[in-house]
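Report on the structure given below.
The values are calculated or read from the model by the stated rules, or taken from the named source; none is laboratory data. Note that the coordinates shown come from a computational prediction; the quantities given were computed from them, not determined experimentally. Cβ: placed from backbone, ideal geometry, glycine included. Neighbour counts: every protein chain shown. Side chains are part of the model used for accessible areas, which takes the heavy atoms of the whole protein and leaves out ligands, DNA and RNA. Shrake-Rupley method; radii C 1.70, N 1.55, O 1.52, S 1.80 Å.
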Amino acid sequence: MSTIAQMLSSIPGNPLANLQRVDALWQQIRQRTWATPTVITERQDSLVALDWDVAIAGGTLGIFLGAALAQRGWRVVVVERGLLRGRAQEWNISRRELHVLLTLELLTEPELAQIIASEYNPARIAFHKGVELWVEDVLNIGVDPVALLDVLKTKFLAWGGMVLEHTTVVGAVVGDAGIQCQITDSAGETHTLTARLLVDAMGHFSPIARQARQGQYPDAVCLVVGTCAAGFSHNDTGDLLVTCTPIQNQCQYFWEAFPARDGRTTYLFTYLDADPSRPSLESLFEDYLRLLPDYQQVAIAQLQWQRALFGMFPCYRQSPLASCWQRVLHVGDSSGSQSPLSFGGFGALLRHLQRLTEGVNAFLREDMLDRSSLALLQPYQPNLSVTWLFQRTMSVGVHQTVHPDQINQLLSAVFAAMAACGDQVLKPFLQDVVQFSPLSQALARTSWAHPGLVARLVPQLGIPTLMDWMKHYLALGGYTLLDQASSLISPWLAALPAHQQARYQRWLEAWHYGAGQDHG
């Protein structure tokens with residue numbers, strides 16, 4: 001039995017089997033044997049009766065939108081393949097990002113306080129043989145998902161919603177007036193439900209999203225492994241982005257660490273393409289155990305494993321994903337609306353939750369559930385697209401030859417430049433929000449101080465990649481100007497018919513969010 005198998009066998013919940021399941025999926029992607037399912041079909045007829053206004057497939061993040069819509073009086077059903085219950089591991093987020101739950105009146109102040117399991121300050125950014133920085137109030141809140149989802153589920157049911165647990169959406173037929181979903185319960189029996197709108201919140205590996213992408217394989221993948229363990233020395237600080245080694249095995253390893261309610265959470269992650277020669281998750285876990293003692297200055301023998309944490313997070317350049325069908329909307333990880341630098345959809349969902357709630361509410365009210373209208377809810381976002389270049393600079397191709405410390409040196413220079421520009425530049429970036437002026441300042445300062453280092457990126461990235469990035473960078477500037485001009489446009493919307501207001505308001509939101517101005 002391997003070292004990883006022995007370690008995982010000592011943890012309740014059979015994490016070894018889950019790791020092998022995810023590894024098998026990762027192997028399918030690398031070997032290009034990942035099947036493309038057919039879930040959605042279309043037909044030209046109308047359903048006589050509709051059971052629901054909205055059916056949401058995927059409850060872990062779907063319950064947020066479901067609760068917000070149910071509170072507004074819509075008939076909503078959430079279909080969850082397991083038990084709608086959060087995982088034991090905290091979700092790390094910044095406090096300001098939680099405020100939307102108060103704004104939408106999904107939580108009260110006392111309820112918000114109850115779902116916060118841990119809090120720490122400060123957090124470190126450090127690179128091998130390079131800069132070390134400390135920041136306050138960034139991803140320093142640990143939310144208890146079990147408590148959070150329990151509160152939301154209870155309120156959702158009280159507002160008239162329904163939850164179908166241990167149930168899976170296996171197919172859906174889109175008609176002129178509604179969508180008919182085929183669902184299978186835990187007994188293997190198939191039933192149908194009908195709704196005006198189907199929301200796909202089934203995550204990165206949603207079969208509906210895979211069908212919409214028509215067999216496209218990920219442009220990049222983030223592999224992450226880690227644990228929550230007791231036995232560490234007392235430490236009330238965290239690590240947001242830390243490297244301890246140069247490039248190894250054509251991978252740059254990054255670390256995160258946070259205090260947790262029952263120990264300390266440590267992650268090792270890396271960005272890479274889906275080449276067949278890339279390592280398995282189990283192999284990455286071996287490196288995690290090998291490097292952890294030096295990283296945290298702790299002996300493996302003194303740790304008591306509480307949980308094993310691992311995942312494979314695909315990223316697509318064509319994101320967010322606009323639906324291929326009417327009456328179908330992708331939300332959360334299935335839409336690809338999270339940054340390719342991050343691998344957690346909780347923060348991305350909260351960032352867009354108010355926008356999505358208001359948009360879906362308006363489109364339901366005006367019966368604007370056609371494909372072109374729903375596409376306005378997952379618009380092009382240049383501040384998301386520009387981050388692809390940063391992800392590329394933090395990874396190495398299988399056959400590329402670069403200096404072992406090139407990524408560390410570059411990140412050290414860039415973060416030093418952002419820190420010199422101030423928190424108004426550094427903090428939004430650390431929360432996956434890129435804005436035109438702060439980005440321009442950081443790039444100009446880095447290029448001036450380290451021209452040779454920047455020049456070395458050209459062969460690593462390639463001219464076509466840099467030209468493509470320039471297009472999104474200029475679009476980011478354009479969206480910033482459009483957002484500034486939106487204050488002149490907004491007063492005119494009140495004079496328009498309601499269906500036109502609903503459409504044009506989505507454009508204003510696209511400029512605002514696409515420019516990163518929702519961060520403030």
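Annotations for the structure displayed:
- Just the protein heavy atoms count here, and of the accessible area of the range 302-438 at 1.4 Å, carbon and sulfur take up 51 percent.
- Shape call, the range 336-485: gyration tensor on alpha carbons, a/c limit 1.5: prolate
- Note that the range 1-66 presents 50 Å² accessible area per residue, ligands and nucleic acids not counted, probe 1.4 Å.
- Phi-based couplings in Hz for the range 73-82 (Karplus 6.51, -1.76, 1.60; Gly and Pro marked x): x, 7, 7, 10, 10, 10, 10, 10, 5, x
- FRET E, pair residue 158, residue 184, Förster distance 25 Å, beta-carbon r, rounded to 0.05: 0.35
- Rounded percent of accessible protein surface that carbon and sulfur make up, the range 1-125, 1.4 Å probe: 48 percent
- Of the residues 115, 313, 190, the one whose Cα sits farthest toward the positive end of the charge dipole of the chain, with +1 on the Cβ of Lys and Arg and -1 on the Cβ of Asp and Glu, is 313.
- Principal axis dimensions, largest first and in whole angstrom, of the chain by Cα: 66, 56, 48
- Rounded, prolate or oblate (a/c below 1.5 giving rounded, otherwise prolate when a/b exceeds b/c) for the range 312-367 by Cα gyration tensor: oblate
- Semi-axes of the equivalent ellipsoid for the range 268-344, Cα gyration tensor, largest first, Å: 35, 15, 10
- Shape of the range 1-82, Cα gyration tensor, a/c cut at 1.5: oblate
- Couplings 3J(HN,Hα) of the range 452-463, computed from phi: x, 5, 5, 4, 5, 6, 4, x, 5, 8, x, 4 Hz, in residue order, whole Hz [Karplus 6.51 cos²θ - 1.76 cosθ + 1.60, θ = phi - 60°; x for Gly and Pro].
- Computed from phi, the 3J(HN,Hα) profile of the range 10-22 under the Karplus parametrisation 6.51, -1.76, 1.60 (θ = phi - 60°) reads 8, 9, x, x, 6, x, 4, 5, 5, 4, 5, 5, 5 Hz, with x in place of Gly and Pro.
- Maximal additional length on extending the residue 49-residue 471 stretch stands at 147.2 nm, based on 0.36 nm per residue less the C-alpha distance.
- For the chain, the longest principal axis of the alpha carbon atoms and the long axis of helix 345-365 meet at an angle near 20°.
- Carbon + sulfur, % of accessible area of the range 133-243 - ligands and nucleic acids excluded, 1.4 Å: 51 percent
- In degrees, nearest ten, helix 62-71 long axis to first principal axis of the chain (Cα): 40 degrees
- Scanning residues 5 or more positions from residue 178 or on other chains, those with amide H under 5 Å from its amide H are 47, with H placed 1.01 Å from N in the peptide plane.
- Farthest positive-ward along the range 387-507 dipole, Cα basis, beta-carbon charges - from 466, 492, 391: 492
- Each label was represented as a point 7 Å from its Cα along the Cα-to-Cβ direction; for residue 88 and residue 31 these points are 3.3 nm apart.
- Degrees separating the helix 281-296 axis from the principal Cα axis of the chain, which is the longest one: 50 degrees
- For the chain: relative contact order, % (alpha-carbon pairs under 8 angstrom, 6 or more apart): 16 percent
- Amide H to amide H distances under 5 Å link residue 171 with 182, where only residues 5 or more positions off or on other chains count and H is placed in the peptide plane.
- Within the range 237-256, backbone nitrogen closer than 19 Å to the virtual label 7 Å beyond the Cα of residue 400 toward Cβ: 242-255
- FRET efficiency, 1/(1 + (r/R0)^6) with R0 30 Å, evaluated for residue 102 and residue 235 via beta carbons: 0.45
- Average accessible area per residue (Å²) across the range 362-446 - probe 1.4 Å, nucleic acids and ligands excluded: 35 Å²
- Computed about the Cα centre, the dipole magnitude for the chain is approximately 720 debye when only Lys and Arg (+1) and Asp and Glu (-1) carry charge, each at its Cβ.
- Each helix, a run of at least 4 DSSP H residues, gives -39500 (n - 2.57); summed and divided by the residues of the chain, these come to -13000 deg cm²/dmol at 222 nm.
- Furthest towards positive pole of dipole, 145, 74, 127, structure part the range 69-146, Cβ charges: 74
- Distance between the pseudo-spin-label points of residue 20 and residue 372 (7 Å out from Cα toward the beta carbon): 5.2 nm.
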